[in-house]
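Okay, so here's the structure we're looking at.
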Amino acid sequence: MIRTTDVLVIGAGAAGLMCAATAAARGLAVVVVDHARKAGKKILVSGGGRCNFTNMDVGPEHYLCANPHFVKSALARYSQWDFIALVSRYNIAYHEREHGRLFCDGSAKQIVNLLLNENQAAGSHVELNTEIKSVEQNEQGFLVTTGLDRIQCRHLVVATGGLSFPKLGATGFGYRIAKMFGHRVLPTRPGLVPLTLASDTEMALDKLSGISLPVRMGAEDGRRFTEDCLFTHRGLSGPAVLQTSNYWQHQQPVEVDLLPQAQIEAELQALRQSQPGLSLRRGLTRHLPRRLIDTLLASRVNLDGPIGQLTREQTDAVIQTLHHWRPVPNGSEGFDKAEVTLGGVDTSEISSKTMMSQKVKNLYFVGEVMDVTGWLGGYNFQWAWSSGYCCGQAMD
Ligand SMILES: Cc1cc2nc3c(=O)[nH]c(=O)nc-3n(C[C@H](O)[C@H](O)[C@H](O)COP(=O)(O)OP(=O)(O)OC[C@H]3O[C@@H](n4cnc5c(N)ncnc54)[C@H](O)[C@@H]3O)c2cc1C
């Protein structure tokens with residue numbers, strides 16, 4: 001049996017559901033298929049179950065993309081204010097956390113229900129548990145064979161997301177379709193991901209595991225993030241590290257200011273005057289956990305010596321270690337722990353206004369499957385909403 005529809009969206013995640021509801025609200029017949037048993041699985045687990053659904057401050061500077069201008073049009077046409085208005089229309093209570101991040105007061109499920117409700121109200125059909133067997137282009141558009149039947153559509157939207165969190169249903173399917181239709185796919189790697197460090201005598205991770213502190217850190221490109229860093233038994237995690245991971249390249253160090261709120265040179269100078277007999281360790285533990293000081297500094301300076309007798313060389317070693325610590329991660333925790341995928345379908349072959357392929361008429365890509373990656377803080381969902389909406393508006 002062959003069913004026909006105007007629009008077939010593959011992927012009932014954030015971008016696919018937004019696109020489908022928008023297209024259906026404009027009178028198009030829309031079917032959404034997903035191989036998962038639940039729609040919006042990533043939304044459900046996002047933001048610790050409260051979904052950081054957008055940010056008060058959204059701009060192209062919060063995204064990584066080989067073409068930095070690509071996101072501008074969609075973000076302007078469906079902004080954070082549009083999504084906030086939608087959330088408010090559903091009376092979903094939310095709150096703002098640090099850096100303008102907006103979270104549901106209740107549960108991420110409210111956002112999934114909102115999207116499903118928008119789809120139902122507009123008449124789009126969301127079909128779960130449905131495997132895609134093949135996609136072919138024909139004169140009428142595209143013929144998609146699923147495990148259940150065949151669907152003929154005029155418009156095909158690829159909304160299958162990236163590779164992160166395979167246990168939530170992520171696959172490389174979108175990239176395969178893109179390549180099949182002659183699109184370039186830029187190399188993918190995990191983003192917003194914890195970084196791993198080799199544990200050796202200098203970097204005894206078992207001793208540091210559990211320490212969390214505000215830092216200012218970044219990769220070699222110079223961009224810096226002031227957020228918390230968490231030492232784990234495998235390396236570094238926490239928001240500052242996830243943000244840095246988007247910019248970090250293999251074999252490069254990251255630079256960490258472990259004391260962004262203090263000038264350690266001035267502090268030591270003051271202590272030299274007021275308490276010259278105080279040990280360096282006691283002086284530094286006023287600012288940082290002893291475990292951290294011992295691990296990073298014991299091999300470089302005499303922590304038991306009095307601050308009054310610190311040499312210039314020793315002072316420099318302390319400043320360098322605490323304000324400019326440069327560990328070299330040996331990798332990341334991979335797609336299993338990454339919130340997003342860097343790279344993906346090359347945006348230079350996609351219209352930034354409609355998300356339509358410039359190679360194949362009526363083939364579209366929305367959301368994370370494209371080479372667009374946001375910072376931590378609701379930016380990735382905003383991209384899903386904005387790109388999904390613009391695509392849904394563009395189809396005729
Ligand atoms: C743990 C975690 C927490 C996150 N928290 C946040 C947050 O708080 N704020 C934020 O902005 N971003 C967050 N993100 C990122 C955000 O979830 C994604 O950027 C966003 O979901 C991308 O939307 P999408 O629709 O492009 O892809 P997805 O939401 O991943 O949806 C893709 C859909 O396609 C389906 N699919 C895949 N392959 C196939 C196939 N072969 N056949 C049929 N269907 C298929 C999948 O089942 C899925 O339903 C988080 C990500 C993770 C993993």
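The values are calculated or read from the model by the stated rules, or taken from the named source; none is laboratory data. Just so it is clear, the model here is predicted, and its values are computed rather than measured. Cβ coordinates were reconstructed from backbone atoms using ideal geometry, including for glycine residues, and neighbour counts include every protein chain displayed. What goes into the accessible areas is simple: the full protein's heavy atoms, side chains included, and nothing from ligands, DNA or RNA. Shrake-Rupley method; radii C 1.70, N 1.55, O 1.52, S 1.80 Å.
For the reader, a short list of remarks on this structure follows.
- Positive dipole terminus of the chain, leading residue within ALA39, GLY331, LEU86 (C-beta point charges): ALA39
- Model label sites at ARG26 and GLU139, defined 7 Å from Cα along the beta-carbon direction, differ in position by 2.7 nm.
- Here the Karplus curve 6.51 cos²θ - 1.76 cosθ + 1.60, taken at θ = phi - 60°, turns the phi angles of segment 235-251 into couplings of x, 10, 9, x, x, 4, 6, 4, 4, 4, 4, 5, 9, 6, 10, 3, 6 Hz, with x standing for Gly and Pro.
- Of the solvent-accessible surface of segment 194-333, computed with a 1.4 Å probe over protein heavy atoms with every protein chain present, carbon and sulfur atoms account for 45 percent.
- Solvent-accessible area, 1.4 Å probe, carbon plus sulfur percent, for segment 1-144: 49
- Estimated at the nearest 10 Å², the accessible area of TRP81 is 130 Å² with a 1.4 Å probe.
- The alpha-carbon of LYS42 sits under 19 angstrom from the alpha-carbons of these aspartates and glutamates, leaving out residues fewer than 8 places away in its chain: ASP34, ASP105, GLU118, GLU127, GLU131, GLU333, ASP336, GLU339, GLU368, ASP371.
- Only Lys, Arg (+1) and Asp, Glu (-1) charged, at Cβ; segment 194-333 dipole about Cα centre in debye: 360
- Maximal additional length on extending the LEU168-LEU148 stretch stands at 5.0 nm, based on 0.36 nm per residue less the C-alpha distance.
- Segment 194-333 - accessible surface per residue (Å², probe 1.4 Å): 48
- Normalised by the number of residues in the chain, the average gap of Cα pairs under 8 Å and 6 or more apart makes the relative contact order 25 percent.
- 19 Å cut-off, amide nitrogen to a point 7 angstrom out along ALA270 Cα→Cβ, residues in segment 306-333: 307-310, 315-316, 318-320, 322-323
- Relative packing of 166-174, 223-231, 344-352, which averages over residues the other C-beta atoms within 10 Å, highest first: 344-352, 223-231, 166-174
- Global geometry of segment 116-183, whether rounded, prolate or oblate, following the gyration tensor of its Cα atoms and the 1.5 cut on a/c: oblate
- Å² per residue, accessible surface of segment 17-119 at 1.4 Å: 43
- Candidates ALA266, HIS155, PRO194 compared by Cα position along the dipole of the chain: farthest toward the positive end lies HIS155, with charges placed on Cβ.
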